[in-house]
Amino acid sequence: SPAVGLPDAEYLELLNVSGVDISLGGWELSDATSTVSLPDSLLPDGGYLVICNTADVKDFAPYGKVMGISLPSLNNGGDHLTLVSSKGIVVDELEYNTAWYRDAAKNSSFTV
């Protein structure tokens, strides 16, 4: 915050670099305190997907394919996110924190 050229809402972006199309049905997105199952949706090889709260789908629609879910709260101070396939395989993990910015001005208004 403040939003610069994007909707003022939390979101994640996935890029499929697997070499094959992926069905996301049964996949799970977790943070440190909650887990959300992703609805069935095809993510083509090389394709991007924006994941946001259901209420924000219309705001992200101009940017490409969008999936609305009850997004886990993305903590401004940092969090650990995990994406797990329907077979229980950890596909990706990310731990972020305010140190990423290395800029006091940006750090004071950090929003993920």
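The values are calculated or read from the model by the stated rules, or taken from the named source; none is laboratory data. Predicted model only: the values in this text are computed from it and were never measured. We place every Cβ from the backbone using ideal geometry, glycine too, and count neighbours over all the protein chains shown. All accessible areas refer to the heavy atoms of the entire protein, side chains included, with ligands and DNA or RNA removed. Shrake-Rupley method; radii C 1.70, N 1.55, O 1.52, S 1.80 Å.
Structural remarks
- Subset of the stretch 1-55 [within 20 Å of Val84 (Cβ to Cβ), modelled with pLDDT of 90 or more and of a type in the set (Gly, Ala, Ser)]: Ser18, Gly19, Ser23, Gly25, Gly26, Ser30, Ser34, Ser37, Ser41, Gly47
- Meeting the requirement of 1 or more residues that are touching a helix residue (DSSP H, G or I) at 6+ places or on another chain (Cβ under 7 Å), the strands (runs of 3 or more DSSP E) wholly within the stretch 1-74 are 11-15, 48-53, 66-69.
- The residue that is nearest to Asn76 (Cα to Cα), counting only those in the stretch 29-40 that are in contact with a Gly (Cβ under 9 Å, 6 or more places away or on another chain) and open to solvent by 30 Å² or more (accessible area, probe 1.4 Å), is Ser37.
- Filtered residues of the stretch 1-28 (kept if β-branched (Val, Ile, Thr) and surrounded by 15 or more Cβ atoms within 10 Å (Cβ to Cβ)): Ile22
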